[in-house]
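Read the figures in this text as sums done on the coordinates, not as results from a lab. All figures in this text were calculated on a predicted structure; none of them were measured in a lab. A quick note on method: Cβ atoms are made from the backbone with ideal geometry, for glycine too, and the neighbour counts reach across all protein chains shown.
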Amino acid sequence: MAVTRTFSIIKPDATRRNLTGAITKMLEDAGLRVVASKRIQMTKEQAEGFYAVHAERPFFNDLVSFMISGPVVVQVLEGEDAVKANRDVMGATNPADAAEGTIRKTFAESIEANSAHGSDSDENAAIEIAYFFKPEEIVG
Ligand code: RTP
Ligand code: MG
């Protein structure tokens, strides 16, 4: 298995509750290394662009409003099969379905305010990383 990168967001419900460190610790304990990180306030345009794939979904407008409701921490994570390692430790989208010990089971407030985002493929990871980071901001 190769060392790869993925893209993570610590969402506004989590930054509001001061969980940036706790969630980052769970990512690190899962074998992932933070090779880039910044706390930002996303603009509406940025959030709409990031979630463009969901533009036709009924929850799109609520999701964009939620994602700009407070600061987020965007991160690039590196590790063995990083996309899978990250999604495994995040748990299911709906915290009611998430396994014990996952980030979403531990911290999520709802299916929307679910504390963390993680890319769902290597291809999308590369697109999402480039959406928020310049190459020189990532130090492996
Ligand atoms: P993510 O993209 O954030 O890592 O989450 P995911 O793959 O598990 O979920 P996805 O289907 O890509 O949905 C993106 C985000 O939209 C919100 N959502 N709300 N109200 C709803 O039914 C609903 N479904 C999804 C969540 O914040 C989800 O993470
Ligand atoms: Mg997704």
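Just a few scattered comments:
- Centre separation in Å (Cα based) which lies between the stretch 21-78 and the stretch 79-109: 14 Å
- Taking 0.36 nm per residue of sequence separation and removing the Cα-Cα distance, the F60/E123 pair yields an extension gain of 20.5 nm.
- Sorting 13-21, 75-83, 52-60 by their mean Cβ neighbour count within 10 Å, with the most densely packed peptide first, gives 75-83, 13-21, 52-60.
- Full-stretch length increase - K25, E100 - with 0.36 nm per residue and alpha-carbon distance subtracted: 25.4 nm
- Computed with the Debye formula from one identical point scatterer per Cα of the chain, without solvent, the log10 of I(q)/I(0) at q = 0.09, 0.10, 0.20 Å⁻¹ comes to -0.23, -0.29, -1.29.
- Mean separation of Cα contacts under 8 Å, 6 or more apart, over the residue count of the chain: relative contact order %: 38 percent
- The local environment of R16, defined by Cβ-Cβ distances under 13 Å, has a net charge of +1 under the rule Lys, Arg +1 and Asp, Glu -1.
- Ordered from longest to shortest, the equivalent ellipsoid semi-axes for the stretch 1-49 are 22, 16, 8 Å, each the square root of 5 times a Cα gyration tensor eigenvalue.
- Panel order for S8, S65, by other beta carbons found within 10 Å of each beta carbon, from fewest to most: S65, S8.
- Net length gained if the chain between V53 and Y131 were fully extended (0.36 nm per residue, minus Cα distance): 26.7 nm
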